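One structure is given here, and the rest of the page talks about it.
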Amino acid sequence: MAFKFEDVTVTGWILLVVLIACAAGLIAISRSRQKWTPQMMANAAICMALSFVLSYIRLFKMPQGGSITPASLLPILAFAYYYGSIPGLVTGIAYGFLQMIQDPWIVGAVQAVLDYPLAFGCIVCAGVIGQLQRKQGWNELACWLGAVLATGAGRFICHVLSGVVFFAEYAEGTGMSPMVYSLSYNSFVFVDLAICLVVVAFPQVRKALARMSVKK
């Protein structure tokens, strides 16, 4: 039987993309020569713990998963920003699995990967921007804001894809298509982003976060 692209379901394509993304991440990690020092591991653990604790302080909880928190993503995002893309990717994926354990809303394996490890793995964007800022000498505040926005955009895309495919039934009776419903539902991510942007705009906060990169 001849293979036909049109025979592949949307779920199948998303699974393929997820597998490719995971494979690319594993290849990048395996080829990375970055050594995890005791200080780096300690800071990763502290940042994950802070993010995890802050994620329990929910300003608003969504009915089908997701919540607005007081900048819970900022600690692990800061770790990625100061230590680079690969350590940031590893920490983000690990934190995604923690979130999966904390308050899971799972309907399938692909959806779980999209909404948790892959969505939070998008803090790799902060790692890339942080590396460029130090190498090119770009404006720190502008890069920080860009890191938050890029991370949030990646997370938003993952959640929207998951919503369109796996939570389409919730759009029934709303008068909205699954895509519009998913876009509107997952807009809570931007409220979370706005809180992070406001917090990181304070020089004192950035100065405090930068202390983790100081070698002792």
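As a test of understanding, state the convex hull volume per residue of segment 37-213 from its alpha carbons, in Å³.
Each residue corresponds to 108 Å³ of Cα convex hull volume.
Taking loop as defined by DSSP and a crowding limit of 12 other beta carbons within 10 Å, which GluC sites (Glu not before Pro) in segment 114-196 fit?
Loop-located and lightly packed - GLU172.
Could you list, in their original order, any pairs among LYS61/LYS207; LYS35/LYS207; LYS35/LYS61 whose Cα atoms are separated by more than 29 Å?
Pairs exceeding 29 Å: LYS61/LYS207; LYS35/LYS61.
Using per-residue counts of other Cβ atoms within 10 Å, averaged over each peptide, order 107-113, 174-180, 196-202 from highest down.
107-113, 196-202, 174-180
Read the figures in this text as sums done on the coordinates, not as results from a lab. Keep in mind it's a predicted model, so treat the numbers as computed, not measured. As a convention, Cβ positions derive from the backbone with ideal geometry for all residues, glycine included, and neighbour counts pool all protein chains shown.
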